[in-house]
Every structure is written in C-alpha cells, then in structure tokens.
Amino acid sequence: LSVSATEAPHYPMARQSPLEPPPAILRLLDEQPTSRVTLYSGQEAWLVTRYQDVRTLLTDPNVSADVRRPGYPAVSAALAHFTEGLLNHMDSPEHDRYRRMLVPKFMVKRMEQLRPEIQQTVDGLVDDMLAGPRPADLAAALALPVPGQAAGALLGVPAEDRARFGKRAEDCLSGSMEIAQPASLELHRYLEGLVAARQAEPRDDLISHLAVEFVGTGAITAEDLVTQARLMLVAGFDTTANMITLGLITLLQHPDQLALLRDDLSLVPGAVEELLRYLTVTHRGRHRVATADIELSGQLIRAGEGVIAAQDAANRDPAMFEHPNELDIRRANARHHLAFGFGPHQCLGAALARIELQVAFETLLRRVPTIRLALPLEEIRFKHDAAVYGVYELPVTW
Ligand code: HEM
C-alpha cells in the first residue's frame, strides 16, 4: 500500500509555544472539529475538539473507557500496565458501583475539612523555601510535596510517613521502569499495611471509612481498596503539581493579570479555574471506544472505533469561551472548563485539587509577592512527551 496523500495527521500534535495548545489542534477545532488522526502505533482514531461534542461524547452511554477493548485509542505505549482494575478504566455497571461508594467521600464539605492541614503544609514548605538558597526549584520545594501531603492527609497516612509516601508517588510516574516499578510495589505494600491497620483500628480518615463500610461488609476486597487508594494518590499527583508550576509561569507571563490577583487575593478561586481551563494539563485528551454507532454533530462514529475527546481544544472553543486564547482570571464561566473531564469519569478529586491550588497560589502570592523566574522562559524544560503536561523543574527567585 502506498502512503496516501490524505493520511490522517499524527496525534498528539506538536506545540509551538509552551503555554498554548498545538496550533494544528486549534486549526482542526476551527475547520474540521471531528476528524481522523493517526496514533503512534499506526492505528487511526477520531479526534473530537468542540466543547459541546466533547461533553456529548463523554456522557454517551455507548462509549467505553476499557483499554482492553479492540479499537481503544492508546496514545502511547507506556499506558497499558498502569490501568488494571482502576476506576478510570471501568465501565458501567461496575464503575457506577464504585462511584456510589466513593463520591460521597469526596464532597466539597468533606474536602474543606482538609484545608487547614493543607494550609499548614504549604506554609511550612514556603518557610523552608524562604530560609533556603536562591534560586530555589519551585517544583521540588512546593509543587511536588503538596499533592503527596494532601493525599496523605486524605487517606490517613501518618504525618511522619507522608514525605516518603509522596516521593514514591513521584517515582511511580517516572519514565524509567527501574524507578517506577519498585516504587509502585512499595506503595502498594505500604497501602496494604495501612488498610490492614485501619481495619483493625479504624480512625477518622478515608481508608478507615472505606475499610469499615465496604471491605468490612464484603462489598469490595481489601486489595480493591488498595488499588483505588493508589489511583487517588497517583491521579492527583503530577496533575496538581504541574498546575502549580505551570500556573505560576502563566501568571508571570501575564503581568496585568498577576497584578490584579496580587492586589485582590479573593480572586484566587476564579484564577484557579481560569488556569485549569487555559492550561489543560491532561493534554492528551480522554480516550474512549464506541460500543455502538454514535453521531456527533452529523459525523457518524461506528461501533468499535476509537475516539479521543480533546479537552485542550474544547477549553479553547470560542463557541463556549469568549476570546478563548486570552487569560482572564475574572472570566465568568471559567469553571465550566473540561480540565477535570466530564460525565461519569469526571475527576473524583476535583474539590481537593481546587483547595490545594487555591492554597498554593494564595500563599505564594501573599508571602512571596516578588517571586519571579530565575531563567528565561526559553530555558525551562517542558514535559512535551508526558501524559500530563508540566515542567521538570522551575527555578525561581524573589
Ligand atoms: C489539577 C489536578 C487534577 C486534574 C487536572 C485532574 C484531571 C482528571 C481528569 C481529566 C479525569 C478524567 C479521566 C477520564 O475521563 O478518563 C480525572 C479522573 C480522576 N481523578 Fe483527577 N485530576 C486532578 C486531581 C485529582 C486529585 C487530587 C485526585 C485524588 C484525590 C484525583 C483523582 C481522580 C480519580 C480517582 C479519577 C478517576 C475517576 C473515575 O474514573 O471515575 N484527581 N482527573
């Protein structure tokens, strides 16, 4: 077979500017919002870029998130072995059963109870950074420790174990198998021990609640609980960490917006929503396979075909967000962004992530108002090839 002149473009597409989605995906949003793309394996899939179409697709009962189904659009070779038994790759009715158990535990009101502890953590990290040498690496000093500590607080990991626990979560996401595999195993063993300890002597934490209500009654096994707890840690880890570093870079690139925010810190929650929209750190989209024929804005997607819902493009859809490529921390509808996904798999940890980000930005801007990059933007190394977009390190000074 000769290579056809109309071969579908490759996905993921390349960025040209580090804080902007790839120009090619924005062009598709404008010209051909549901189109064919070619994945690394040579497999083709549909790419859906419009805001409304992404929402329709992600709530359609005729799509599956199960990576084992033929046609599932894997966007890199690295994904498959992290997914066994995980909530985010389950379908209804199994998925509904887990969500019913977990959703009440992740409500805003419950997460707000963790805010004082998260504030204390962030204050301690900022104290250490201010006492240390300049420049400092904001990733290591703040962005990476915060989600590990917050997940530790949520799950009920004892304070003295949280730093090591967080470090293992970081290692799990390493590109190197020699680092990732033992870290993943150690984390699994640690959580097994924690579940067993809380089953024997429950406390007021998530692991205890789930162990008593669901493992104790036979609804799930202790092993299931360990698997989902590991997901909560890992899913919230580099997403949140990279939002902190990229969010700060973005604010520093928009001095007018930064000044507004510094002058009125009550704008922080809105700014967090706008940064989530603007950056869409889960930049590889949501991956599904159609289980029946679907029609999206007149385009037929057949049963068995892979579909990628591109949240990064959808979050820049002018039909939904006015002047979508401008950062506007006072944008009225920013919180309708799709950075946390949409539909049955919408991020379980969104309320917790929002608190972590609000506390991190509010504290940084209040306590380190002169913070700035210690390197020109061009010298910062961005994670172009990672599943979650971000930076490797972020040297800052003040
Ligand atoms: C800024 C930070 C975060 C971002 C951008 C983010 C993004 C997402 C997205 C896009 C999904 C949807 C996956 C899909 O549809 O395929 C998701 C699911 C999920 N997230 Fe988050 N997340 C963040 C933080 C967190 C935190 C802190 C936690 C845990 C406490 C968490 C736990 C989860 C879980 C368990 C799922 C799977 C839900 C399901 O499939 O039913 N996330 N997240």
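Once you've got the GNM for the chain with C-alpha springs shorter than 10 Å, pick whichever of ALA74, ALA200, ALA353 has the biggest mean-square fluctuation.
Of ALA74, ALA200, ALA353, the most mobile in the Gaussian network model is ALA200.
In whole Å, how far is the Cα centre of the stretch 312-383 from that of the stretch 38-71?
24 Å
Count the net charge of all other residues whose Cβ sits under 11 Å from the Cβ of ARG316, scoring Lys and Arg as +1 and Asp and Glu as -1.
Details: positive: ARG50, ARG277; negative: GLU20, ASP30, ASP312, ASP317, GLU326.
Within the 11 Å Cβ shell, the charges total -3.
From Cα pairs below 8 angstrom and at least 6 apart in sequence, can you work out the relative contact order of the stretch 1-149, rounded to a whole percent?
Details: 104 pairs, mean separation 19.2, N = 149.
This gives 13 percent for the stretch 1-149.
May I ask you to compute the full-extension gain from ARG110 to TRP398, defined as 0.36 nm times their residue separation minus their alpha-carbon distance, rounded to one decimal in nm? Show your work: numbers first, answer last.
On the way: separation 288, 0.36 × 288 = 103.68 nm, distance 3.52 nm.
Between ARG110 and TRP398, full extension yields an extra 100.2 nm.
Using Cα pairs under 8 angstrom and six or more residues apart, how large is the relative contact order of the chain, in percent? Write out the running numbers ahead of the final one.
Details: 620 pairs, mean separation 94.8, N = 398.
Relative contact order for the chain comes out at 24 percent.
To the nearest 20 Debye, how big is the dipole of the chain about its Cα centre, given +1 on the beta carbon of each Lys and Arg and -1 on that of each Asp and Glu? Each step should come with its number before you reach the end.
Working: 39 positive and 51 negative charges, 61 e Å.
So the magnitude is around 300 debye.
Using a 1.4 angstrom probe on the protein heavy atoms only, line up ARG302, ARG330 by accessible area, largest first.
Details: ARG302 125, ARG330 150 Å².
My answer, sorted largest first, is ARG330, ARG302.
Highest GNM mean-square fluctuation, the chain, Cα pairs closer than 10 Å: which of GLY166, GLY132, GLY343?
GLY132
In deg cm²/dmol, rounded to 500, what helix-only [θ] at 222 nm does the chain give when every DSSP H run of at least 4 residues adds -39500 (n - 2.57) and the total is split over its residues? Don't skip to the end; give the middle numbers.
Values: 15 runs with 174 residues, N = 398.
Computed mean residue ellipticity for the chain: -13500 deg cm²/dmol.
If you roll a 1.4 Å probe over the heavy atoms of the protein chains, what accessible area per residue do you get for the chain, in Å²?
Spelled out: the 1.4 Å probe surface of the chain, per residue, equals 45 Å².
Expressed as a whole number of Å, what is the distance separating the alpha-carbon centroids of the stretch 113-172 and the stretch 201-261?
The stretch 201-261 and the stretch 113-172 have Cα centres separated by 13 Å.
With a sphere of radius 12 Å drawn around the Cβ of ASP171, what net charge do the other residues whose Cβ falls strictly inside it have (Lys, Arg +1; Asp, Glu -1)? Display every interim value, and only then the final one.
Working: positive: ARG164, LYS167, ARG168; negative: GLU170, GLU178, GLU186, ASP238.
So the environment of ASP171 carries a net charge of -1.
Probe 1.4 Å, all protein chains in place: accessible area of GLU117 in Å², nearest 10?
Counting only protein heavy atoms, GLU117 exposes about 70 Å² to solvent.
List the aspartates and glutamates whose Cα lies under 18 Å from the Cα of LYS167, skipping any in the same chain that are fewer than 8 positions away.
Cross-link targets: ASP128, ASP137, GLU178, GLU186, GLU192, ASP238, GLU356, GLU393.
Please compute, for the alpha-carbon atoms of the chain, the extent along each of the three principal axes and give them in descending order in Å.
61, 55, 41
The stretch 48-140: percent of C-alpha pairs farther apart than 21 Å? Don't skip to the answer; put the middle values down first.
Working: 2650 of 4278 pairs.
Distances greater than 21 Å cover 62 percent of the Cα pairs.
The values are calculated or read from the model by the stated rules, or taken from the named source; none is laboratory data. All of these numbers come straight from a predicted model, not from anything done at the bench. We place every Cβ from the backbone using ideal geometry, glycine too, and count neighbours over all the protein chains shown. We work out accessible area using only protein heavy atoms, side chains counted, and drop any ligands, DNA or RNA first. Shrake-Rupley method; radii C 1.70, N 1.55, O 1.52, S 1.80 Å.
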